[in-house]
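For reference, the structure discussed in these notes is given below.
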Amino acid sequence: MEVKIFDLLNDVQVNLDEYDTQDLSPEEKKQVQERVLREVKNMRKNNHKNGMKKGWKIAGIAAAACVAVSAVAVGSNPVAARALLSETFQKIISGVEGKKNGDELQEIYTKIGKESVSVKAGDDKSILKADSSGIKMQVSDIYCDGYMLYYTLVLETDQRDLLKKEIDGISTFSSSDKKNPPATPACCITIDGEEDEWPIGFQKQADGTFTSVQNYSLYTAENPKEYKDGDTIPVEVDIHKFYGYDYDKHDKDGEYMGTKPVDGNWKLSFPVIVDTSSNHTEKIGKEENGIKVIEATRTKATLNLVIEEPDYSKAPYNDPYNDPDIFIQGEDGKDIKWLGGYMKEKKDGSKTSYITLLDCGGENFRLQVTNKNGDGEKFADINFKVKEDKEQ
């Protein structure tokens, strides 16, 4: 399968533009672009491997990356929603109420927040709090259903530069890293033995603390693992440098004005207990034009689909990219939010796709597949049903 990286990066630009009205800082948008670029590079590197990463749905990856550094507003009933959320999630939500496009991500945080649990130490090796150079960092909430993993982080500081009124956020990212990459990354996150060196950002809250929500798709690894109920996933967060940012001022290069780096050693180590107690899988087996929905698994907060797809570069599809657009809609006719995904390619060019979505409720869903950029040529339109409760 021929993959044109520049075409894919053009897709990234288009998809990132959809998030322009969100309150993402430039360095946070760069984080998104760097994550997507890494996915594209990995896709090319593993192009002919059986465990290929799912690089064909850049929009889903970009959305997941945005979620990792963004906060959202509460839904139509904020009082009821907050009663089911932790103090950290309440803090994050309160900090962005009334801001543009809060509803774009509110479903994700409300759903994940209500199903999250407080972090607990697994043994004497667990480190839930770290204190260095006047900055305290701790992990707060955890969600893991075997498909997606979320966790929240909270920073407190008495660093004078970071306490200034104009500082809107703290990040491990520095624009200077682009020109002179550091020998040791400012941030390294290890999840079940797999390392990521992507930067993370924290938003300032009304009480002076800084918060961050991080996520991880368990189906983005080259060899995704299947987790059982009660399994433990070890997570380590290792940070050596923080920067404060003023999102209202720019330097001569157009970058946000930032503080001098705060060097230190902040390392967290905590267990994530997989909860699949509400997971149930249904066989679907509906097919149209060589595209087949095999099965669906519902968890406490996600809907996970297994779809068989043909080689779209061949007739009758004739998609030169072998990369169609896929839309999945709920009962209300709206597109369901993508959280992650993984694709396994076969020798004949066909593939099995594993897609993780936010569970929007309801039992009736629709899968539409069109040629690249959705110019009207439809490959498949499949309606399918997934029960909401495994006891039904």
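The values are calculated or read from the model by the stated rules, or taken from the named source; none is laboratory data. Just so you know, these numbers come straight off a predicted model, no measurement behind them. Quick reminder, even Gly has a Cβ in these numbers, built from the backbone with ideal geometry, and neighbours come from all protein chains shown. Ligands, DNA and RNA are stripped out before the accessible areas are found, and what is left, the full protein with its side chains, is counted by its heavy atoms. Shrake-Rupley method; radii C 1.70, N 1.55, O 1.52, S 1.80 Å.
List the residues, sorted by chain then number, that are 5 or more residues from His280 or on another chain and whose placed amide H is less than 5 Å from its amide H.
Arg298
Roll a 1.4 Å probe over the protein chains and send me the accessible area per residue for the stretch 248-392 in Å².
Using a 1.4 Å probe on heavy atoms only, each residue of the stretch 248-392 averages 47 Å².
Quick check on packing: order 311-318, 356-363 by the mean number of other C-beta atoms within 10 Å, highest mean leading.
356-363, 311-318
Could you go through the stretch 148-162 in sequence order and give the Karplus-derived ³J(HN,Hα) for each residue, using 6.51 cos²θ - 1.76 cosθ + 1.60 with θ = phi - 60°, rounded to whole Hz, and x for Gly and Pro?
Running phi through 6.51 cos²θ - 1.76 cosθ + 1.60 with θ = phi - 60° gives 10, 10, 10, 8, 10, 10, 10, 10, 10, 8, 10, 5, 4, 4, 6 Hz.
List every residue whose amide H lies under 5 Å from the amide H of Ile336, counting only residues 5 or more places away in sequence or on a different chain, with H placed 1.01 Å from N in the peptide plane.
Here the answer is Ile328, Gln329, Gly330, since their amide H atoms fall under 5 Å of that of Ile336.
Between their Cα atoms, which of Lys91/Lys164; Lys179/Lys252; Lys165/Lys249 are more than 22 Å away from each other?
None, as every Cα separation is 22 Å or less.
Hey, which of these cross-link pairs are over 24 Å Cα-Cα: Lys111/Lys387; Lys111/Lys334; Lys228/Lys347?
Lys228/Lys347
When ligands, DNA and RNA are left out and all protein chains stay put, how many square angstrom of accessible area per residue does the stretch 86-197 have with a 1.4 Å probe?
That works out to 51 Å² per residue.
Would you mind counting up the charge near Cys187? Only other residues with Cβ under 10 Å from its Cβ, with Lys and Arg at +1 and Asp and Glu at -1.
-2
Given +1 on the Cβ of Lys and Arg, -1 on the Cβ of Asp and Glu, and no further charges, what dipole in debye does the stretch 319-387 carry about its Cα centre, rounded to the nearest 20?
With Lys and Arg at +1 and Asp and Glu at -1, about 300 debye.
Report the gain in length on full extension from Asp263 to Val117: 0.36 nm times residue separation, minus Cα-Cα distance, nm rounded to one decimal.
Separation in residues times 0.36 nm, less the Cα-Cα distance, equals 49.5 nm.
For the stretch 307-312, just list the computed ³J(HN,Hα) in residue order, Karplus coefficients 6.51, -1.76 and 1.60, θ = phi - 60°, integers in Hz, with x standing in for Gly and Pro.
Working through the residues one at a time gives 10, 9, 10, x, 7, 6 Hz.
Using packing as a proxy for protection, rank 146-158, 249-261 so that the peptide with the highest average count of other Cβ atoms within 10 Å comes first.
Highest-to-lowest ranking by the protection proxy: 146-158, 249-261.
Counting only protein heavy atoms, what percent of the accessible surface of the stretch 277-392 is carbon or sulfur at a 1.4 Å probe?
Using a 1.4 Å probe with all protein chains present, the stretch 277-392 comes out at 42 percent carbon and sulfur.
When ranked by the protection proxy of mean other Cβ atoms within 10 Å per residue, highest first, what sequence do the peptides 203-210, 328-335 form?
203-210, 328-335
Grab the beta carbon distance between Glu194 and Lys372, set R0 = 22 Å, and tell me the FRET efficiency rounded to 0.05.
So the FRET efficiency works out to roughly 0.10.
Can you give the FRET efficiency to the nearest 0.05 for Gln329 and Thr232, using r as the Cβ-Cβ distance and R₀ = 41 Å?
0.70
Keeping the other protein chains in place, figure out the carbon and sulfur percent of the accessible area of the stretch 121-266, with a 1.4 Å probe.
Carbon and sulfur: 45 percent of the exposed surface of the stretch 121-266.
For the stretch 243-252, what does the Karplus curve 6.51 cos²θ - 1.76 cosθ + 1.60, with θ = phi - 60°, yield as ³J(HN,Hα) per residue in whole Hz, taken in order and with x for Gly and Pro?
These are the phi-based 3J(HN,Hα) values: 10, x, 10, 9, 7, 9, 10, 10, 8, 5 Hz.
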